[in-house]
Amino acid sequence: MSEYLPLVVLFILSTLVAAIAVALGHLFGPRRPTERKLQPYESGMTPFGPGTRRMPVRFYLVAVLFILFDIEVVFFIPWAVVYRKLGLFGFVEMLLFAGILEIAFVYAWKKGALEWE
Amino acid sequence: MLFGETTTTGPTFFALAPLVLLFPLLGLLINLIWGGRLPEKAIGGIASGAVGLTFGVAILQMLSLFSHPEGTVIPLVDWITIGELNISWGIQVDTLSVTMMLVVSGVGCLIHIYAIAYMHDDVRLNGDPARYRRFFVFFNLFILAMMTLVSADNYLMLFVGWEGVGLCSYLLIGFWYDKGKDGIGNALAGNKAFITNRIGDFGFLLAAFTMFGLFGSFDFDQVFGQVEQVAELLPTGILLITIFMLIGVTGKSAQLPLYVWLPDAMAGPTPVSALIHAATMVTAGVYLITRSHPLYAVVPQAQSLVAWVGTLTALFAATIAIAQFDIKKVLAYSTISQLGFMVAAVGMGAYVPGMFHLVTHAFFKALLFLSSGSVIQGVERGLHEVEHHHKGKHSAGHHLDPQDMRNMGGLRERMPTTFWVYLIGALALAGIMPLAGFWSKDEILLKASYKDVRLYTLLSIAAFFTAFYMARQIILVFFGKPRSEAAAYASESPKLITIPLIILAVLSVFGGALNLPGIHAFGHWLEHTVHHVPGVKGGVELPEFSLQVAAISTGIALLAIILGWLIYARWGETLQKEKKPYVDPLELTAKPIFSVLTNKYWVDELYWALLVNPYKAFSRWLAEQVDWRFWHDWLHDAVLVNGFKRLTVLLAQPIDLGIIDGIANGLATLIQGGAAYLRRFQTGYVRNYALAVFFGVVAIMSYLIFVLR
Amino acid sequence: MWADRLAVLPVIVIGAWAVLLTVADLYIPEHRRRITAILAALGLIVGLVVNLFIQRHNPQTAYFGLAIADGFSSFLNVLFLLSGLLGIAVAHGYLQRQNIARSEYYSLLLFSISGMMLMGMAADLIIVFIALELLSIPLYVMAGFHRDRLDSEEAALKYFLLGAFAGGFVVYGIALIYGATGSTRIAAILSAVQSGSASPILLTVGAALILVGLGFKVAAVPFHMWTPDVYQGAPSSVTAFMAVGAKAAGFAALLRVFLLAFPTLSDKLVPLLWALAALTMIVGNIVAIVQSNIKRLLAYSSIAHAGYILMATVTLGQSRLMADAAAAALFYLLAYLLTNFGAWAVVIALEREEGKGLSIQDYAGLGKKYPALAAAMSVFMLSLIGVPPTVGFLGKFYLFRAVLEGGFVGLAVIGVLTSLVSAYYYLRVVVVMYMQEGEPVVNRDALLHWTAALSAIAVLALSLFATPLFQWATQATLYAAQ
């Protein structure tokens, strides 16, 4: 590994050089900040305030629920492929899984996540 | 082990070899650091002195080689050692590299001295005194890079020098970066040279990588030692290496098809043209092939390809030179043509003639370029004289190009010294006995006549054109009557300029003595290196002098000169009386051919249409469609910025308010002692926390790297 | 195939209970929230009982060797379930006072506990990761439970972002170890390491990356930066639970994975663990000095204690000592559980709406007005320093003994010195309570007061009956180390 030492040295040196360059610029460069310059995106749009139109939060709620259940259901596919090999054990396990999923669904339903108004 | 490492047969100065790198480095450092406070003469003196000392070291190496012709390698440093890869850097001292050192530092020293006066005029006439120092720093840097190139003991270090001289070339072509067409012409010329060379360098790199793949080393000794084994196993591999290498050579030595940068490179100051673009850097390709001759020896296909590339370049460029009006452009195409001769020679296995021509060419082409610089400055002085007379008025001289031969004429009387040295250089180039160029060119032609009669014929035609365009140039510049007021008021250059010219003229006259037929001093000298490579047979053949060939080539040259005299001195003079703007007599008689030649076969335009424009269009497409539309508009604006904006709103408000709350609650009032310092890291910004985690990981990984090795 | 499910029954019980509680809660009327809390506590008690019954002397693997039930996990199960019970005790009234009494709190708590228990049983690195996520995600939500308050939201987001960051390191480490050994099973890793077929570089780097991820969970310096902000921002009841549960789970994984799988890497990892422990103790204790907010103070105290427990890991590779050190760590965790919950009970008792009552100055006069509460708080502070006769003293005693036997005198010295430093800021609380005049306001919440009182009694009493407790811990660890 000792032959990697030059690489380490190179790494350190290049970091140093970069750091020194930045530091020198910081030390000697003129600083005339204006309000615009200090913004995260100079000559861009102001990043504060509502950037986009308002969206009803329900969209997100529905989207999140969809993704959740969608992904959970994907687990059925590999299970189905090896279903015969798993036998009763696999069946019961998947029943449990589906049951838990159902409970989550009932919870979401009961909490009103599926109601639009 | 500084002095006189004693060996069996006596003391040598090999150990001093690293000084060839040290002196230019010192020179450039001194000028870089203190140059701002030194007067011009001191700057130039330091730079020239550095190169002069380098030359002295090279002489010592030469003397040592007389007693130890086998040479040596002076190890400097282990450059890169990673795993299996071990690249050390040493100084190769043998007859070949020392020949190059002598040429580079010797001619380089003269050109440095010349530049002291030449660049003084530049500063006086064009302003900005700081340029003077810049010029000499670059110039020394070039010598350093060139020395690195020729003294390298492996291909990778050679490549470092190769790139280094390319960089200096770029810097010096664009030396007057604010001048030229539209104020950027010179900068564009520099760009062109650099980009074209990059294409060639790419070939070099491919060659180097292939070589490392096949031989497992970059060292000359190791590579050449294995050539025979590898050639039996994988001949295509070596063929690939040599052809890739040839691509590199066509770039650096301005051969077909990559020669296009060299004429444009004349935008640089004339000493640059003389040193870099005529005498030394452009011959690096010839050196490379000579150095790699054990490789080329086992692949005849590559050799003949090299020979053909060189021969065609020689002929092609010589024809273009006939129809140029810029005094330096003529010389530039002449250089390309002469480089073609050299490349053809080494391609035919005639390494000694090739190197011999390299040396003599360095003498007379440097002489020609420097003299042309003297001419240009003479005309410029005339121009200022004229302007002085017409003070206040807008004189016609303003638009006059001091490099255009149509504006010259009759300078023989105004600049006698320059005329005589120019004449010597031209005759040497044309190959008139007994000047240097005759002997070296004759050897090449002789070899070609043995090797392939087609090559011989083409080269002879090229030689004819060479003599012709030189005759044309001499007559246009120095004979007849002045065709402009500036030419009429031109004046001779100062001593500092003419003395190097005279020395170079002497060398151009007697340079042929190096390798006179029958004695072959240079051949025997090089033989030690070009012959003494283990496992390669017949590196050098010393051709006998052939009266027949010599007579033919002399006859061709004389014929061309006489023809030139008839056309330009006799006919041209009569024409000139009628037409005010000068017209080339050939243009009148053979206008279509002449305009093809003036426009350089439209190769530039062809490259532009075939390569540059499609490439630019592609870039524009990438920039506008891919970068702007897709990357910026869609991905950046639509996806990233909007996403980030939402995140910022989410983050900024709680953090901002959190901090303000914190201050209001007096959280910050209790800062005390060292503990307070640590607390400063607790900024409240998630990114800083993540950074801390990251630093922790880096620290742990760094520790593990040390533990695990 | 079904029999080995019995081994992981406690986890199944708590997990199933959490699921059922989620549903059951939907049918419990709004004004009967107390029922949910009681049901959750009931579940934890059932879990405790089950754990007690199935406790066995032979380790038993389950789920094809993915999980293992042994003394180590049994001990930790008790620890986690206890912290759950105490967590409910300190939370119930607090949530109502803060107007954040939503019943999901208890299900989330149970889910998180099931993750912690799974962590203690993990015999496979994949399970370590799943457990890590299972215990963390509910905590992220709970940290942001006070969603009207920005600092709570901030805490949740920070914890989530950095937790995800750290989780990435764990996964990367697991991947590297898999690449080195071809397995994620701890036993298989050990045999691959011992047979020398594993690439030591990949293995060590992988181990280091796992260390980073778990170091984040246990709040070891320099992966601790989130701790003060999250502990301060999160609802206090969540912080109390998180400080013990998440830390104990992190150490469970750290001890099991490192002590069992990587003893042969000790020459590379021990200096690392040493430095981590030392740094954590030093930074945690020193920065705590300048804190004026009691929640932040306890956050840094929590970092510092992570440093002490980390000391146990430097015995890695010394097979004779590893069991002792792990036992000491378990004992320390138990001591910390009691002390910490007690201290947080007092903090919660004094906390008022809008985050008021959290400055140390707000404790002025507590000694006069509420002598019992102040006395309890003093006991906890002394235990955190490690003064006899408290259980905190014994925890430090066992730890330092293991470390000294391992030959790490320097580390022990750092531990003792930083303990002395810590006395300064812990005692400042006591000083403010007794020596300064003030009008402290204390919430009327019987459960809270009982928690504080019982914890204080336990802290004192268990220091007298420490030997059987420590023996239990010793036995527990022995099985894991085999």
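Looking only at residues in segment C:193-220 that are away from chain B (no Cβ under 12 Å) and free of Cβ contacts under 8 Å to residues at least 40 places away in the same chain, the one that is surrounded by the most Cβ atoms within 10 Å (Cβ to Cβ) is C:198.
Every listed requirement among (1) in a helix (DSSP H, G or I); (2) within 12 Å of chain B (Cβ to nearest Cβ); (3) surrounded by fewer than 19 Cβ atoms within 10 Å (Cβ to Cβ) is met by residue C:190 save one, (2).
For (1) assigned to a helix (DSSP H, G or I); (2) closer than 19 Å to residue B:527 by Cβ; (3) modelled with pLDDT of 90 or more, each residue gets a yes or a no:
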site	(1), (2), (3)
B:48	yes, no, yes
B:117	yes, no, no
B:128	no, no, no
B:134	yes, no, no
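The residues listed here are B:218, B:244; of these, the one that is of a type in the set (Phe, Trp, Tyr), touching a Leu at 6+ places or on another chain (Cβ under 7 Å) and in contact (Cβ under 8 Å) with a residue 60 or more places away in the chain is B:218. Do we find a residue being modelled with pLDDT under 90, more than 11 Å from chain B (Cβ to nearest Cβ) and not in a helix (DSSP H, G or I) anywhere in segment C:221-236? The answer is no; no qualifying residue exists. Looking only at segment C:94-114, residues that are closer than 13 Å to residue C:236 by Cα and outside any helix (DSSP H, G or I) come to 2 in all.
Residue-level check: of (1) surrounded by 24 or more Cβ atoms within 10 Å (Cβ to Cβ); (2) within 10 Å of another protein chain (Cβ to nearest Cβ); (3) not hydrophobic (A, V, I, L, M, F, W, C), residue C:245 misses just (2). Restricting segment B:687-705 to residues that are among the aromatic types (Phe, Trp, Tyr) and surrounded by 14 or more Cβ atoms within 10 Å (Cβ to Cβ) leaves a set whose member that is farthest from the other protein chains (Cβ to nearest Cβ) is B:694. Out of (1) within 16 Å of residue C:131 (Cβ to Cβ); (2) modelled with pLDDT under 90; (3) not basic (Lys, Arg), the odd one out for residue C:200 is which? All conditions pass for residue C:200, except number (1). Counting just the residues of segment C:258-298 that are free of Cβ contacts under 8 Å to residues at least 60 places away in the same chain and facing another protein chain (nearest Cβ under 10 Å), which one comes out surrounded by the most Cβ atoms within 10 Å (Cβ to Cβ)? Of everything passing the filter in segment C:258-298, C:287 is surrounded by the most Cβ atoms within 10 Å (Cβ to Cβ).
When the helices (runs of 4 or more DSSP H) confined to segment B:250-303 are screened for residues that are within 27 Å of residue B:605 (Cα to Cα), those reaching at least 3 such residues are found at B:261-264, B:270-274. Test residue A:59 against the stated conditions and say whether it is within 14 Å of chain B (Cβ to nearest Cβ) and modelled with pLDDT of 80 or more. Considered against the rule, which asks whether it is within 14 Å of chain B (Cβ to nearest Cβ) and modelled with pLDDT of 80 or more, residue A:59 comes out as yes. The condition (being surrounded by 17 or more Cβ atoms within 10 Å (Cβ to Cβ), more than 26 Å from residue B:56 (Cα to Cα), at pLDDT below 85 and of a type outside the set (Phe, Trp, Tyr)) is satisfied by just one residue among B:203, B:180: B:180.
Here is a yes/no grid of residues against (1) modelled with pLDDT under 90; (2) more than 13 Å from residue C:223 (Cβ to Cβ); (3) away from chain B (no Cβ under 13 Å); (4) not in a helix (DSSP H, G or I):
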residue	(1), (2), (3), (4)
C:129	no, yes, yes, no
C:133	no, yes, yes, no
C:147	yes, yes, no, yes
C:161	no, yes, no, no
C:164	no, yes, no, no
C:175	no, yes, yes, no
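Among the conditions (1) away from every other protein chain (no Cβ under 11 Å); (2) assigned to a helix (DSSP H, G or I); (3) surrounded by 14 or more Cβ atoms within 10 Å (Cβ to Cβ), the only one that residue A:113 does not satisfy is (2).
Residue pairs, Cβ under 8 Å, 6 or more apart or interchain, first in segment B:345-368 and among the hydroxyl-bearing types (Ser, Thr, Tyr), second part of a helix (DSSP H, G or I) and modelled with pLDDT of 90 or more. List them. Cβ pairs passing all conditions: B:351/B:290; B:351/B:345; B:360/B:428; B:360/B:508.
The values are calculated or read from the model by the stated rules, or taken from the named source; none is laboratory data. Keep in mind that this is a model prediction, so the values were computed, not measured. FYI the Cβ positions are ideal-geometry reconstructions off the backbone, even for glycines, and counts take in every protein chain you see.
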